[in-house]
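Written out below as structure tokens is the structure these notes cover.
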Amino acid sequence: MDILKAVVLGLIQGLTEFLPISSSGHLLVAQELLNFEVEHGLLFAVAVHFATLLSITVVFWRELLALVVGWRENWLYILALGVSAIPAGIVGIVLKDYIEEVFAGNVLVAGIGFLVSAVFLFIAHFTRKGNREINLQGAILMGIAQAIAILPGVSRSGSTISTGLMAKIHPEHVVKFAFLMSIIPIGGATLLETLDAIKNPVNQHELTLVAIGFITAFLSGIIACRLMINFVIRNKLLPFALYCLAIGTLTIVIALK
């Protein structure tokens, strides 16, 4: 992997992790269809996942600090965050090997996943916005959507935000909760990948490329996260729905050739 590929893959991870167009789907398409192979993929995955995790903490540091300092007053919100991680945790633990065996590298599945993301976004766009607060029921629904997003092509942010909007939760509350709730599964995935990655030695050149991917994903992640907040508040999800519909259709056509 050269510097250009490290930058491109870092950008893909940083931008598409938070924009509702699926980071897993874009990374798979880039690697499989554009021949963007990642020789040290596991270490690179650790780096870019950790970078996006840091992006969230930078954008929402005030909210995270308030939750920690005022945990007694915010215990119900913290509980909702914990509850939202349960579906993805169950799917990840129980079906991890099956998902990797069946869906890893499957471009056709990624194409279908893009179309699923498009459906989520289309419905959310045309759903009349509500004013509800985050509650346990909404957290569970968004958690189920996050579990579905384990499949390649299904956007984590797109599915969770769309589900929250369909549950009539206020857009500002939805986008904030959607990003905060992603900290747990992203952190968990990063930890598991780290445990596997430390078993394999790397040289200075490899570390340099990983560092480039990390910095690119971190900076682009901050930008994408802030953009997505504005898009949701201003109800600008339709362009993303159309994009997912287009790239999903194109990916399926290419995969079936």
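Residue by residue, here is whether (1) within 17 Å of the chain's Cα centre (by Cα); (2) modelled with pLDDT of 95 or more; (3) at positive phi holds:
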residue	(1), (2), (3)
53	yes, no, no
68	no, no, no
75	no, yes, no
78	no, yes, no
83	no, yes, no
88	yes, no, no
93	no, no, no
97	no, no, no
101	no, no, no
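Taking region 50-108 as the region of interest, how many residues are of a type in the set (Phe, Trp, Tyr) and surrounded by 15 or more Cβ atoms within 10 Å (Cβ to Cβ)? Step through it out loud before you land on a result.
If we filter region 50-108 for residues that are of a type in the set (Phe, Trp, Tyr), which is where we start, we get 50, 60-61, 71, 75, 77, 98, 103.
From what is left, the residues that are surrounded by 15 or more Cβ atoms within 10 Å (Cβ to Cβ) are 50, 60, 77, 103.
The total comes to 4.
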**Request:** Filter region 109-129 down to the residues that are over 18 Å from the mean Cα position of the chain (by Cα) and free of Cβ contacts under 8 Å to residues at least 60 places away in the same chain, then identify the one that is surrounded by the fewest Cβ atoms within 10 Å (Cβ to Cβ).
**Result:** 128
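What do you reckon, is residue 195 more than 17 Å from the chain's Cα centre (by Cα), modelled with pLDDT under 95, farther than 22 Å from residue 58 by Cβ and assigned to a helix (DSSP H, G or I)?
Working: more than 17 Å from the chain's Cα centre (by Cα): yes; modelled with pLDDT under 95: yes; farther than 22 Å from residue 58 by Cβ: yes; assigned to a helix (DSSP H, G or I): yes.
Against the criterion (more than 17 Å from the chain's Cα centre (by Cα), modelled with pLDDT under 95, farther than 22 Å from residue 58 by Cβ and assigned to a helix (DSSP H, G or I)), residue 195 qualifies.
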**Request:** May I ask you to list the residues in region 1-15 that are surrounded by fewer than 24 Cβ atoms within 10 Å (Cβ to Cβ) and either among the polar types (S, T, N, Q) or outside any helix (DSSP H, G or I) (or both)?
**Result:** 1, 2
**Request:** Select from region 153-191 the residues that are more than 17 Å from residue 240 (Cα to Cα) and touching a Cys at 6+ places or on another chain (Cβ under 9 Å) and list them in ascending order.
**Result:** 179
**Request:** For region 113-158, name all the residues that are closer than 19 Å to residue 229 by Cα, of a type in the set (A, V, I, L, M) and not in a loop (DSSP other than H, G, I, E, B).
**Result:** 118, 121, 123, 124, 139, 142, 145
**Hits in region 54-63 - residues which are over 25 Å from residue 213 (Cβ atoms) and not basic (Lys, Arg)** = 63
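The values are calculated or read from the model by the stated rules, or taken from the named source; none is laboratory data. Computed from a prediction, not measured in an experiment: that's the story for all the values here. Every residue, glycine as well, gets a Cβ built from its backbone with ideal geometry; the counts of neighbours run over all protein chains shown.
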